[in-house]
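Q: My structure is below; once you've seen it, I'll send some questions.
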Amino acid sequence: MNEISASAVPDLKAMNALEEKITSLFSGQGFEHIDPAIIQPADVYLQQIGESIRGRSYVFTDIDGQELCLRPDLTVPAARVFIEDHEHYGDKARVYYSGPTFRYPYGDTASDHSREFRQAGIEIFGKEDTEKVEAEVLSLTINAIKEVGISNFNIRLGDLGLFDALLYAIDMPERWRKRLSENFWRPEEFRAILKQLSAPQNLEYEEGLRSLLRKLNDLSTKESEAHVSQYLNDHAIPLIGARTLPEITNQLRAKAADLVANPLEPEKIELIERYLEISAPPKAVGARLEDLAEKSGLDLTHALERYQKRIEWLNKLEVDLSNAQFTAEFGRNLEYYTGFVFQIEKQDMEQDGHIAGGGRYDNLIQSLGSTKSLPAIGTALHLDRLAALIDGDVL
């Protein structure tokens with residue numbers, strides 16, 4: 001078990017200098033400084049970030065019984081600041097921040113300081129030219145990394161919006177689109193779901209549950225809730241946690257519909273798999289996507305236009321894409337992303353060892369309680385890893 005260091009930052013002077021360079025760049029570009037709270041409400045926060053990080057978050061209960069957590073990233077806290085101070089920001093804001101975040105480290109070889117690490121980043125809330133602001137965020141991220149003296153890195157790009165456009169162009173039940181989209185960033189789970197959809201009637205359930213599912217197809221929502229409630233009582237399954245009886249019933253009704261649904265045709269599964277296999281330099285991806293759409297008879301015109309417009313803006317901003325790779329199945333590991341995503345990586349780093357990353361998350365503001373749905377995009381730089389690279393010691 002790793003011992004916990006007494007110092008949050010091994011070299012405070014060097015870290016402060018690094019942080020000052022990056023935040024000065026953000027400030028000089030017109031971003032406003034914010035300082036989100038370190039302690040966050042766990043129920044509001046953890047449902048947004050995904051299983052891989054949720055399981056590594058530090059969650060605790062205070063003396064009043066409220067479940068809290070130490071922030072494992074800064075995007076959600078920054079979004080909460082924007083929502084709570086709506087009178088100041090209105091419907092648009094450009095903010096930056098820096099400070100510690102907390103996650104349990106991967107594996108047994110993690111360093112003493114990897115439980116607490118520092119991030120600096122920006123968030124842009126509100127409607128702007130979509131592809132232009134995406135290019136600006138990537139450009140500013142790259143400039144910040146170069147500002148601290150690092151020039152040798154790779155850029156990985158992805159686009160969840162392209163994948164959603166593909167799903168909506170393929171004829172299938174809406175619940176299947178939703179399931180595939182929500183699990184896109186979980187490769188193993190995604191592949192398992194795709195396999196299930198090829199033969200949904202063969203899904204294995206214990207006999208009692210299968211019997212319940214058969215009934216639900218012929219019942220109204222209210223009648224279904226009564227049968228589900230009875231099933232939970234009979235099997236001593238308590239209603240605890242975030243899921244309510246209506247939510248559980250809706251999930252089971254979807255499973256019931258799957259039992260009698262026609263399978264997703266092999267050619268549609270093959271089409272999804274062919275899309276996920278696309279990996280190429282960003283400027284070559286457009287032609288591959290056009291070829292895929294033409295051969296499959298799908299209309300991806302709008303999604304392709306948005307992709308090409310982003311490439312054009314990256315060119316206008318003189319972003320060097322010679323070390324960039326677009327990977328169709330890349331979605332990062334945070335559930336709130338909805339569109340363009342990117343990651344800046346060093347080849348010799350271990351798992352989850354990127355030095356910066358970000359993307360678009362257009363649903364987060366409303367899911368956190370805002371009365372309005374506002375687009376958003378951001379980026380965060382891992383200051384500890386940048387500091388280690390500068391010192392010649394890769395974390």
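Results for (1) buried (at least 21 other Cβ atoms within 10 Å of the Cβ); (2) farther than 12 Å from Pro41 by Cβ; (3) assigned by TED's automatic domain parsing to the domain that holds Phe31; (4) modelled with pLDDT of 90 or more, shown as yes or no for each residue.
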position	(1), (2), (3), (4)
Tyr58	no, yes, yes, no
Thr61	no, no, yes, no
Glu67	no, no, yes, no
Pro72	yes, yes, yes, no
Thr75	yes, yes, yes, yes
Ala78	yes, yes, yes, yes
Tyr89	no, yes, yes, yes
Tyr97	yes, yes, yes, yes
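Q: Another one. Being in a loop (DSSP other than H, G, I, E, B) and within 19 Å of the chain's Cα centre (by Cα) narrows it down to one of Leu264, Leu321, Leu334, Leu298, so name that one.
A: Only one candidate qualifies: Leu334.
Q: Among the residues of region 176-209, count how many are in a helix (DSSP H, G or I), within 27 Å of the chain's Cα centre (by Cα) and among the hydrophobic types (A, V, I, L, M, F, W, C).
A: As a first pass, look at region 176-209 and keep what is in a helix (DSSP H, G or I): 176-182, 187-197, 200-202, 207-209.
With within 27 Å of the chain's Cα centre (by Cα) added as a condition, the list becomes 176-182, 187-197.
Now restrict to residues that are among the hydrophobic types (A, V, I, L, M, F, W, C): 176, 180, 190, 192-194, 197.
Number of matching residues: 7.
Q: Oh, and also: Does Gly358 fit the bill of being assigned to a strand (DSSP E or B) and within 24 Å of Glu182 (Cα to Cα)?
A: yes
Q: With Arg310, Arg360, Arg332, Arg288 as the choices, which residue is on the phi > 0 side of the Ramachandran plot, surrounded by 13 or more Cβ atoms within 10 Å (Cβ to Cβ) and touching a strand residue (DSSP E or B) at 6+ places or on another chain (Cβ under 9 Å)?
A: After applying the criteria, what remains is Arg332.
Q: Here is a further query. For Ala165, indicate whether it is farther than 29 Å from Ala376 by Cα and under 21 Å from the mean Cα position of the chain (by Cα).
A: Spelling it out, it is not the case that Ala165 is farther than 29 Å from Ala376 by Cα and under 21 Å from the mean Cα position of the chain (by Cα).
Q: Another question, if that's okay. Which condition number does Ala236 fail, the rest of (1) outside any loop (DSSP other than H, G, I, E, B); (2) at pLDDT below 80; (3) not basic (Lys, Arg) being met?
A: Here Ala236 clears every test but (1).
Q: Please enumerate the residues belonging to region 258-276 that are farther than 17 Å from Ala165 by Cβ, surrounded by fewer than 17 Cβ atoms within 10 Å (Cβ to Cβ) and charged (D, E, K, R).
A: Glu265, Glu267, Glu270
Q: Given the conditions (1) in contact with a Pro (Cβ under 9 Å, 6 or more places away or on another chain); (2) crowded, with 18+ Cβ neighbours inside 10 Å, report the number of the one that Leu232 does not fulfil.
A: (2)
Q: When you scan region 309-325, do you find a residue that is over 19 Å from Ala169 (Cα atoms), free of Cβ contacts under 8 Å to residues at least 60 places away in the same chain and in contact with a Gly (Cβ under 9 Å, 6 or more places away or on another chain), even just one?
A: yes
Q: Hey, does region 284-293 have a residue that's within 19 Å of Phe340 (Cα to Cα) and not in a helix (DSSP H, G or I)? Steps first, please.
A: Residues of region 284-293 within 19 Å of Phe340 (Cα to Cα): 284-290.
After this cut, where a residue has to be not in a helix (DSSP H, G or I) as well, the list is none.
No, the conditions are met nowhere in region 284-293.
Q: How do the strands (runs of 3 or more DSSP E) wholly within region 79-161 filter down when requiring 1 or more residues that are without any contact (Cβ under 8 Å) to a residue 60 or more places away in the chain and at positive phi: which remain?
A: In region 79-161, there are no strands (runs of 3 or more DSSP E) which contain 1 or more residues that are without any contact (Cβ under 8 Å) to a residue 60 or more places away in the chain and at positive phi.
Q: Here's something else I'd like to know. Give just the number: which of (1) surrounded by 12 or more Cβ atoms within 10 Å (Cβ to Cβ); (2) part of a loop (DSSP other than H, G, I, E, B); (3) at pLDDT below 85; (4) not small (Gly, Ala, Ser) does Leu212 not satisfy?
A: (2)
Q: Could you list, in sequence order, all residues of region 181-195 that are within 25 Å of Glu294 (Cα to Cα) and in contact (Cβ under 8 Å) with a residue 24 or more places away in the chain?
A: Those that are within 25 Å of Glu294 (Cα to Cα) and in contact (Cβ under 8 Å) with a residue 24 or more places away in the chain: Phe184, Leu194.
Q: Would you mind stating whether Leu219 is in a helix (DSSP H, G or I), surrounded by 11 or more Cβ atoms within 10 Å (Cβ to Cβ) and modelled with pLDDT under 85? Quick ask: steps written out before the conclusion?
A: On the way: in a helix (DSSP H, G or I): no; surrounded by 11 or more Cβ atoms within 10 Å (Cβ to Cβ): yes; modelled with pLDDT under 85: yes.
Here the answer is no, as Leu219 does not meet what is asked.
The values are calculated or read from the model by the stated rules, or taken from the named source; none is laboratory data. It should be emphasised that the depicted structure is a prediction, and the values quoted were computed from it without experimental measurement. We place every Cβ from the backbone using ideal geometry, glycine too, and count neighbours over all the protein chains shown.
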